[in-house]
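Participant: Below are the structure tokens for one structure; questions will follow.
Bear in mind these aren't lab numbers, they're just calculated from the coordinates by the rules spelled out. Quick caveat: nothing in here was measured; it's all calculated off a predicted structure. Ideal geometry is used to build each Cβ from the backbone, glycine not excepted, and the neighbour counts take in all protein chains shown.
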Amino acid sequence: MTVTQSGSNRGALDRPSGSSLAEVVDTILDKGLVIDAYVRVSLVGIELLTIDARIVVAGVDTYLRFAEAVNRLDIRNDDTKSLPEFLEGAEESGAEKKVKGAARGALGAAGESVRDFLSPQEERRRSHHGDGARRGGDG
Amino acid sequence: MAMEPAAVGTDDMTTTGWYVYGIVDSDVEVTDAAHGIGDPPAPVDQVVADGVAALVSEIPTGRPLGSVDDLLAHQRLLDAVVTEAPVLPVRFGAVLDSAEAVAAELLEPHDDEFREALDRLRDTSQYVVRARYHEPAVINEVLDENRTARRLREQIAGQPEEATQDLRIQLGELVSQAIEVKRSSDTQAVLELATPLTVATAVRDPSHELDAAHVAVLVSTGDQEKLINALRELARQWADRAEVRLLGPMAPYDFVVAGADAGGG
């Protein structure tokens, strides 16, 4: 099993050892000093693989997906609920457990694959050589 | 402004450019352990001028830039540097055509600004706080708080999909808007928690429809533990509704933009 891991317990602050690709893209393509504003720079072409990770502007697809998610919901402890809602909820409660379990598994697995992807080189470098740069002697 | 392909010279793979990662104090030493972009990873060099230095590596200009490895190499180098010394991270993808150009066109005209910025960033690093809603939980909150959403849900229940397309779009849009409102108040909650513990904060655009907050913070080294503990507490409070993730320490990507194009100085 690959879904068992310690990082994503509910209520625990998740501190991954590396960023996911989407997070790296958010950070280094969107932020940082832009030096071509005042320097003549020759930029080499950047591949389009970075596009996939960008945000989704909410549109009809998103709306339908949310409606679908509403439809999957378990009944709540909610005194405003109507009888049909109540019956529908009772029917769905089994399915809901499965959905939650699956979602949690997917989260965990994603977190783990990122770690797998990032750690080996990172750790080798840290343990054998220390950090990538160090402060020089003079102050 | 159009780019200058002329700087590349010829189109054969042996022409090289100088990829710029970031700007550091001139006394920062780069060790052999620093890996740049490339396969195998290029050694990282410094170009020094007027008390500041650019971290650079040589890359063939005929090679397309932007693979996953390229992106990761860029961020890893900068994030390793910031644990030792202040650094001004340069946005991914900047290549100058020679080491001389790095000194003469990038460093020398702006050395005062760079030194000043490096001083401001001394003993700080950046973290990114990202909270993401658990979908069933946030949708339950929306239904609890929104009568219209509850009514639409009832209207849709049990009907065939084809018959409820419009209602489902209405419901989904309502949910989406309600989540935006929640995001803005939850982002505010993160800012209120972080502001007393940080030097600066910067709200990022959401990058997922279930984002509850996406905030970059600049933290003094001495306050890192306090920030982490405060976020642990927030994660506990939000356990049933959102996952809280903390990335970092990393280079101050979100805090070097201001002033960069005030370059005339």
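Participant: Give just the number: which of (1) in contact with a strand residue (DSSP E or B) (Cβ under 9 Å, 6 or more places away or on another chain); (2) crowded, with 16+ Cβ neighbours inside 10 Å; (3) assigned to a helix (DSSP H, G or I); (4) more than 9 Å from chain A (Cβ to nearest Cβ) does residue B:108 not satisfy?
Facilitator: Of (1) in contact with a strand residue (DSSP E or B) (Cβ under 9 Å, 6 or more places away or on another chain); (2) crowded, with 16+ Cβ neighbours inside 10 Å; (3) assigned to a helix (DSSP H, G or I); (4) more than 9 Å from chain A (Cβ to nearest Cβ), only one is false for residue B:108: (2).
Participant: With the requirement that a residue be more than 8 Å from every other protein chain (Cβ to nearest Cβ) and either in contact (Cβ under 8 Å) with a residue 60 or more places away in the chain or of a type outside the set (D, E, K, R) (or both), what does the stretch B:136-151 give you?
Facilitator: Let us first name the residues in the stretch B:136-151 that are more than 8 Å from every other protein chain (Cβ to nearest Cβ), namely B:137-138, B:141-142, B:145-148, B:151.
Across the stretch B:136-151, the qualifying residues are B:137, B:138, B:141, B:142, B:146, B:148.
Participant: Moving to a separate point now. Out of the residues in the stretch B:58-72 that are in contact with a helix residue (DSSP H, G or I) (Cβ under 7 Å, 6 or more places away or on another chain) and outside any helix (DSSP H, G or I), which is nearest to residue B:123 (Cα to Cα)? It would help to see each step written out before you state the result.
Facilitator: Going through the stretch B:58-72, the residues in contact with a helix residue (DSSP H, G or I) (Cβ under 7 Å, 6 or more places away or on another chain) turn out to be B:61, B:66, B:68, B:71-72.
The next check asks that each one be outside any helix (DSSP H, G or I); those that pass are B:61, B:66.
Details: B:61: 35, B:66: 31 Å.
Result: B:66.
Participant: Has the stretch B:174-187 got at least one residue that is surrounded by fewer than 17 Cβ atoms within 10 Å (Cβ to Cβ), within 11 Å of chain A (Cβ to nearest Cβ) and farther than 22 Å from residue B:79 by Cα?
Facilitator: Of all residues in the stretch B:174-187, those surrounded by fewer than 17 Cβ atoms within 10 Å (Cβ to Cβ) come to B:177, B:180-181, B:184-185.
Checking the rest, the ones that are also within 11 Å of chain A (Cβ to nearest Cβ) come to B:177, B:180.
Those left that are additionally farther than 22 Å from residue B:79 by Cα: B:177, B:180.
Looking through the stretch B:174-187, at least one residue is surrounded by fewer than 17 Cβ atoms within 10 Å (Cβ to Cβ), within 11 Å of chain A (Cβ to nearest Cβ) and farther than 22 Å from residue B:79 by Cα.
Participant: Which one of B:24, B:82, B:102, B:95 is β-branched (Val, Ile, Thr), surrounded by 18 or more Cβ atoms within 10 Å (Cβ to Cβ) and in contact with a Gly (Cβ under 7 Å, 6 or more places away or on another chain)? If you could, list the steps in order and put the result at the bottom.
Facilitator: Numbers: B:24 fails: in contact with a Gly (Cβ under 7 Å, 6 or more places away or on another chain); B:82 fails: in contact with a Gly (Cβ under 7 Å, 6 or more places away or on another chain); B:102 fails: in contact with a Gly (Cβ under 7 Å, 6 or more places away or on another chain).
Of the residues listed, the single one that is β-branched (Val, Ile, Thr), surrounded by 18 or more Cβ atoms within 10 Å (Cβ to Cβ) and in contact with a Gly (Cβ under 7 Å, 6 or more places away or on another chain) is B:95.
Participant: Count, please, the residues in the stretch B:46-69 that happen to be within 9 Å of another protein chain (Cβ to nearest Cβ) and either closer than 15 Å to residue A:33 by Cβ or of a type in the set (D, E, K, R) (or both).
Facilitator: Selection size over the stretch B:46-69: 2.
Participant: Taking the condition of being over 30 Å from residue B:143 (Cα atoms) and buried (at least 18 other Cβ atoms within 10 Å of the Cβ), how many residues in the stretch B:203-222 meet it? It would help to see each step written out before you state the result.
Facilitator: Here is the first cut: in the stretch B:203-222, the ones over 30 Å from residue B:143 (Cα atoms) are B:216-222.
Checking the rest, the ones that are also buried (at least 18 other Cβ atoms within 10 Å of the Cβ) come to B:216-219.
The qualifying residues number 4.
Participant: Applying the selection to the stretch B:32-57, what residues are more than 25 Å from the chain's Cα centre (by Cα) and outside any strand (DSSP E or B)?
Facilitator: B:32, B:40, B:50, B:51
Participant: Any chance the stretch B:155-165 includes a residue that's farther than 19 Å from residue B:53 by Cβ, within 10 Å of chain A (Cβ to nearest Cβ) and surrounded by 23 or more Cβ atoms within 10 Å (Cβ to Cβ)?
Facilitator: As a first pass, look at the stretch B:155-165 and keep what is farther than 19 Å from residue B:53 by Cβ: B:155-165.
When the remaining residues are screened for being within 10 Å of chain A (Cβ to nearest Cβ), the result is B:156-158, B:161, B:164-165.
Narrowing further to those that are surrounded by 23 or more Cβ atoms within 10 Å (Cβ to Cβ): none.
The answer is no, given that none of the residues of the stretch B:155-165 is farther than 19 Å from residue B:53 by Cβ, within 10 Å of chain A (Cβ to nearest Cβ) and surrounded by 23 or more Cβ atoms within 10 Å (Cβ to Cβ).
Participant: Name the single residue, out of those in the stretch B:18-31 being within 7 Å of another protein chain (Cβ to nearest Cβ) and in a strand (DSSP E or B), that is nearest to the chain's Cα centre (by Cα).
Facilitator: Narrowing the stretch B:18-31 to residues within 7 Å of another protein chain (Cβ to nearest Cβ): B:20, B:27-31.
From the residues that got through so far, the ones that are in a strand (DSSP E or B) too are B:20, B:28-30.
Details: B:20: 17, B:28: 23, B:29: 25, B:30: 23 Å.
Ranking the candidates gives B:20 first.
Participant: Within the stretch B:58-86, restricting attention to residues that are within 20 Å of residue B:116 (Cβ to Cβ) and β-branched (Val, Ile, Thr), which residue is nearest to the chain's Cα centre (by Cα)?
Facilitator: Among those that are within 20 Å of residue B:116 (Cβ to Cβ) and β-branched (Val, Ile, Thr), it is B:82.
Participant: Regarding residue B:170, is this residue polar (S, T, N, Q) and part of a loop (DSSP other than H, G, I, E, B)?
Facilitator: Numbers: polar (S, T, N, Q): yes; part of a loop (DSSP other than H, G, I, E, B): no.
Answer is no for this residue.
Participant: Let me ask you something else. Just need a number here: residues in the stretch B:66-86 that are among the basic types (Lys, Arg) and more than 13 Å from residue B:21 (Cβ to Cβ).
Facilitator: 0
Participant: Further question: Name the pairs whose Cβ atoms lie under 7 Å apart, with the first residue in the stretch B:88-105 and within 27 Å of residue A:27 (Cβ to Cβ) and at the interface with chain A (Cβ under 7 Å from one of its Cβ atoms), the second among the aromatic types (Phe, Trp, Tyr) and crowded, with 18+ Cβ neighbours inside 10 Å, and 6 or more positions between them or separate chains?
Facilitator: B:88/B:114; B:89/B:253; B:90/B:21; B:95/B:18; B:95/B:19; B:96/B:18
Participant: Same structure, new question: Have a look at B:249, B:196 and point out the one that is within 27 Å of residue B:88 (Cβ to Cβ) and either surrounded by 13 or more Cβ atoms within 10 Å (Cβ to Cβ) or in contact (Cβ under 8 Å) with a residue 60 or more places away in the chain (or both). Talk me through it step by step, then tell me what you get.
Facilitator: On the way: B:196 fails: either surrounded by 13 or more Cβ atoms within 10 Å (Cβ to Cβ) or in contact (Cβ under 8 Å) with a residue 60 or more places away in the chain (or both).
The unique qualifying residue is B:249.
Participant: Among the numbered conditions (1) out of contact with any Lys or Arg (no Cβ under 8 Å at 6 or more places or on another chain); (2) surrounded by fewer than 19 Cβ atoms within 10 Å (Cβ to Cβ), tell me where residue B:29 comes up short.
Facilitator: Exception for residue B:29: condition (1).
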